[in-house]
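Asker: Input: one structure, supplied below.
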Amino acid sequence: MDSIISQLNFLKYSKEDFYIYKSEVEINIIDVIEQKINLIRDKINKNSKSSIHNSFEKIDKRSKFAKSWRINKTIIKKTDLPKIEQYINEINSLLNKLSPKNFEKISNNILEYYEKDDVTIEMLKELIFITINNIFSKAVLQPVYCPYYVKLLNILDKKFETNDIIDSKCSEYKDVIKNENVENIENNKEIGEQEKYDNFCKEIKDKKTKEGYSQFIGELYNNNMIKYETLEVNINTFFEILEDEISKDSKSNEVEYLIICLCKLFLTISHKLDKPNCRIIISKLKNIQGKDLIKRLKFKVMDITDKY
């Protein structure tokens, strides 16, 4: 039986065979390559996100060769924004980067926008108002940064006397702690999986908002950014909602969220409260403590009432 090599001998060609073929067919290999390259260029021009583009980017993003395949830089933001909108976006971007390490730098960069030559009085008012709104929104969702957001608000107040805006904002913002329970419609009709997921996300978001707001408003009070009357209205709102929820179901998640918020708020402000106001809050907590709560929450409240 012939070997495999011998069987494949018929595939062998000599160098002379290729020269003869070239002379007979008269193909210019350079022209063929150029045609292929032009075809690739056309494809890339039609679709800058083509598979060819992406494959080269994956090979080496730092390579000049890979970057040469990028036709145009993608522009996500509008380039024709009004000046006020541009400044608002840039200030908001700076707020997103705020951290303990860069606080001084970021706060100074934000203040520079208010002092620009092209900022009119009306633009300044709008910039400050929207900045305060954005700080509130971020603070309630990022409680860990509450002290730094309040510190920035304090700087704004000293420079532009914004206390009234902040106090008014707190009075309105207490609505975030109002009961927004998701109806348990599973008992009434069939509910889709997507709707279940959406309801779950809403519940978690409400929980985080309540917790974040309770700490934020406490930090504002500690830094003399709001009056006690504003704080008192919010505390009373918490207790009113909590008592209503306990009457419905003392072991519900909503009851747990509200107790956590009240405890966090009290611990945040306790060192600054005068004795009469402190006793009023402790009295209300003791009243809650006497309800039929789950043990974990009862002990949480007792940890506070036993110390004060």
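Asker: Rounded to the nearest 0.05, what FRET efficiency is calculated for Lys151 and Ile280 with R0 set to 25 Å and r the Cβ-Cβ distance?
Answerer: 0.30
Asker: Can you work out the FRET efficiency for the pair Ile40 and Asn109, with r the C-beta to C-beta distance and R0 = 45 Å, to the nearest 0.05?
Answerer: 0.50
Asker: Starting from the Cα gyration tensor of segment 203-308, take the square roots of the eigenvalues, sort them a ≥ b ≥ c, and report rounded, prolate or oblate (rounded when a/c is under 1.5, otherwise prolate if a/b is larger than b/c, else oblate).
Answerer: oblate
Asker: If you stretched the chain out fully between Lys307 and Gln86, how much longer would it get, using 0.36 nm times the residue separation minus the C-alpha to C-alpha distance?
Answerer: Answer, rounded to one decimal: 74.5 nm.
Asker: Follow-up. Using Cα centres only, tell me the gap between segment 241-308 and segment 78-120 in whole Å.
Answerer: Using only Cα atoms, the two centres lie 40 Å from each other.
Asker: Using R₀ = 35 Å, calculate the FRET efficiency as 1/(1 + (r/R₀)^6) where r is the Cβ-Cβ separation of Ser93 and Lys227; round to 0.05.
Answerer: E(calc), rounded to 0.05, equals 0.60.
The numbers here are math on the coordinates, done by the rules we state, and not lab data. For clarity, every value in this text was computed on a predicted model and none was experimentally measured. As a convention, Cβ positions derive from the backbone with ideal geometry for all residues, glycine included, and neighbour counts pool all protein chains shown.
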